Amino acid sequence: MVSERNRGRKTRKKEKIMAGKTAAVILASLLLATGCQSRYQPIETSAAQPDGPLSPSGITAEDKQPGGAVPMSSTSGPLSPLSPAGAGAAAGTGTGTSAGEGASAVTGTESSAETEPETSAAPEFAAADETVYITGDEVNVRSSCSTSSDVVATLNRGASVKRTGYGGEWSRVIYQEKECYIASRYLSTEAPETLAAAQPAAEGEVRLDPNWKYAEFSKINSGAAMLYKAEGASRKGITICVNAGHGTKSGPSVKTLCHPDGSQKVTGGSTAAGATTATAVSSGMTFADGTEEPKVTLALALKLKAKLLAAGYDVLMIRESDDVQLDNIARTVIANNAADCHIALHWDSTTNNKGAFYMSVPGNSTYRNMEPVKSHWQQHNALGESLIGGLKNAGVKIFSNGAMEMDLTQTSYSTVPSVDIELGDKVSDHSDGTLETLADGLLAGVNAYFGQ
């Protein structure tokens, strides 16, 4: 009897162990089914998210964009449900791979997800039901909201998908009847311009086309920008618009709309908050030594042009002389249609040698919900952060955290990553050597942004 009782206890103990293992398998499967429940979520860094270029330049998403997700360690959360490695882990036969590394196979030992506390919540998606458009080439459609998850497909500029949820950095979309995820920065509710309009066929003059979006808001547009193309095998096929601030003689006497929808400015600046029109192009300030700002912005622009071309970038120069008859809207719209990003060079009017900073997009919700700001403000800020990072690494003094919120005409009309960057103020050194250093730092920032 004792022997039979002992055998019965052993049998029941084995059954409990097997039941526990079965429960663990079911739990792992349920966790996998959530798709986005990894403990480590993507974060926005000073560079762009690595899920596609920001314009139709033909850059591959993984090779040409800088990082934007927290690296996943060997103890990260569950794998993507669409990942082959994830399927193996759920069945107790696989190990973590780059699709979501480190989820333990169910083999009777506790997984890291079971023993370690959750360190961040999964993304919360606001419900959406709208058609959105891809704003660049080779943009990744992913199986879950992580840059380490499987790439289901890549879509090019102009492709449309249905968005069912918006979570800030990630959007939930329906692709081929499947629920997938795309980085929000590469989606817009507005259909992008055609590729023919966006890429000039040859180098030379680029004039404002009245058919381009927002062109009708420009009032000074008889001038032309100049496009230069890099030569040799190092040519990247990426065009940088270099805008030497100021330098339009008739600009101070003309007013243009601050916003394309006619709404009021939300911050002060050279034009006060609440205004609906602003100076078409301001004259700029004068340095403490008597040098006019437009001369210094042009000198830096020419140095940056040379360095960008040598590095393999094509360059769109808004201005190469003391005067160009292009207002701020014309400059911006030309950049929208002929470049992959827009960098306007300026110095501030203060007198304390404050250092460099970029004009970031104001956090005002009304402004950020106005198109084209709504679809592009994250790109603008990411470019600004990359440029400040490059300048800082070059030894340039940086003001505060490197950013100052400002409602600008340039930003309000930009559909490519666009930044007004201030390289110092009235009493800052602007000698030839300093301009060389600034140009080196800006080049480094461009490289970081485009993942070069």
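A few points about this structure:
- Taking each residue as 0.36 nm, the span from Val427 to Ser234 lengthens on full extension beyond its C-alpha to C-alpha distance by 65.6 nm.
- Each of Arg185, Arg331 was scored by other Cβ atoms within 10 Å of its Cβ. Listed from fewest to most, they are Arg185, Arg331.
- Here the dipole of the stretch 125-241 is about 140 debye; that uses its Cα centre as origin and unit charges on the Cβ of Lys and Arg (positive) and Asp and Glu (negative).
- Taking all pairs of distinct alpha-carbon atoms in the stretch 201-450, Kirkwood radius in angstrom: 17.8 Å
- Its Cα gyration tensor gives the stretch 335-452 an equivalent ellipsoid. The semi-axes, each the square root of 5 times an eigenvalue, are 24, 16, 12 Å from largest down.
- FRET efficiency, 1/(1 + (r/R0)^6) with R0 30 Å, evaluated for Asp209 and Ile174 via beta carbons: 0.30
- Potential extension, Asp323-Ser270 segment - 0.36 nm per residue separation minus Cα distance: 17.0 nm
- Approximating the spin labels as points 7 Å out from Cα along Cα→Cβ, the Ala191-to-Met226 distance works out to 3.7 nm.
- Kirkwood Rh in Å, taken over all unlike Cα pairs in the stretch 222-292: 15.4 Å
- Packing-based order for 224-231, 420-427, using average beta carbon neighbours within 10 Å, highest first: 420-427, 224-231
- Highest mean first, the peptides 375-383, 274-282, 240-248 sorted by other C-beta atoms within 10 Å per residue fall in the order 240-248, 375-383, 274-282.
- All other residues whose Cβ lies under 13 angstrom from that of Arg235 are scored, Lys and Arg at +1 and Asp and Glu at -1, for a net of -1.
- For Glu292, net neighbour charge (Lys/Arg +1, Asp/Glu -1) across residues whose Cβ lies under 14 Å away: 0
- Gain upon complete extension [Glu405, Lys249; 0.36 nm per residue less C-alpha separation]: 53.4 nm
- Relative to the Cα centre, the charge distribution of the stretch 201-450, modelled as +1 at Lys and Arg Cβ and -1 at Asp and Glu Cβ, gives a dipole magnitude of about 300 debye.
- Semi-axis lengths, Å, the stretch 275-381, gyration tensor of Cα atoms, sqrt of 5 times eigenvalues: 24, 20, 15
Every number here is computed from the coordinates shown, using simple stated rules; none is lab data. Quick caveat: nothing in here was measured; it's all calculated off a predicted structure. Neighbour counts run over all protein chains shown; Cβ positions are idealised from the backbone, glycine included.
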